[in-house]
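Comments concern the structure below.
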């Protein structure tokens, strides 16, 4: 009897998870249709906490001001600190406070996008909640999934979180200005990324100093031009 109960419980969990993801996929499809209709390039930017994700987004929008019209939807558990930082770039920022939810969902993004004039934008950046597990299964309607890995986090992050990296279109290796001091093994890190995410375009950058950022900007502008 105990085994039967366990099997039933497992089936129920799977059904609930599938139901949640199916609902999310419906909203993601709506978002994608809206974004495509307005010619937006939409990035879902993900990382663990402390990777420099907000600094990377802020610098991107600041340096591309006058070249690409951007806005940000910021997801955070409790504060609006990241949205305030990003607003310094001059780009519109909409905050989503998720409470105890460790990821953004497509319905949340759709509601936040409704607060922006999408027709006046070229690029919409979604800063997801800092987490390399929960957000991996949630499509938000984005064109590109951008995953950050900081040199201070070690070389094995792609191996520890393969689901996230397998879904990445772009991997940004950030904080390269302090990679040597952090004992970061660049060759091993790049090999791990390519093993797990052979489809991903890789950029090695420092959002703090600007190192490598121009290559990222050029690529981003090319992708926007293809929309």
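The table below lists the values:
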quantity: Separation in nanometres of the label points that stand 7 Å from Cα toward Cβ, at residue 37 and residue 134; calculated: 3.1 nm
quantity: Choice from 174, 44, 131 showing the highest fluctuation, given a GNM over the chain with Cα pairs closer than 10 Å; calculated: 131
quantity: Mean separation of Cα contacts under 8 Å (6+ apart) over length of the chain, as relative contact order %; calculated: 23 percent
quantity: Distance histogram for region 123-189 (every C-alpha pair counted, 10 angstrom bins, percent rounded to whole numbers); calculated: 19, 50, 26, 5
quantity: Ratio of Rg to Rh over region 134-227 (Cα coordinates, Kirkwood Rh, two decimals); calculated: 0.97
quantity: Highest-fluctuation residue, 197, 113, 181 considered, GNM on the chain with Cα pairs under 10 Å; calculated: 181
quantity: FRET E, pair residue 211, residue 166, Förster distance 41 Å, beta-carbon r, rounded to 0.05; calculated: 0.90
quantity: Calculated Rg and Dmax of region 2-225 using C-alpha coordinates, Å; calculated: 18.0, 65
quantity: Distance from region 126-149 to region 30-70 (C-alpha centre basis), Å; calculated: 12 Å
quantity: Nearest-0.05 FRET efficiency for residue 222 and residue 186, computed from C-beta distance (R0 35 Å); calculated: 0.90
quantity: Cα-projected label distance for residue 23 with residue 156, points at 7 Å along beta-carbon direction, nm; calculated: 3.8 nm
quantity: Residue of 45, 173, 133 that the Gaussian network model of the chain assigns the largest fluctuation, springs spanning Cα pairs under 10 Å; calculated: 133
quantity: Likely footprinting exposure, 175, 84, fewest C-beta neighbours within 10 Å first; calculated: 84, 175
quantity: Virtual spin-label span in nm between residue 117 and residue 144, 7 Å along Cα→Cβ; calculated: 2.6 nm
quantity: Modelled FRET efficiency - R0 35 Å, residue 30 with residue 67, Cβ distances, 0.05 increments; calculated: 0.75
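Every number in this text was worked out from the coordinates using simple rules, so none of it is lab data. These numbers were taken from a predicted model, which means no experiment stands behind them. Glycine gets a Cβ as well: all are built from the backbone with ideal geometry, and neighbour counts include every protein chain shown.
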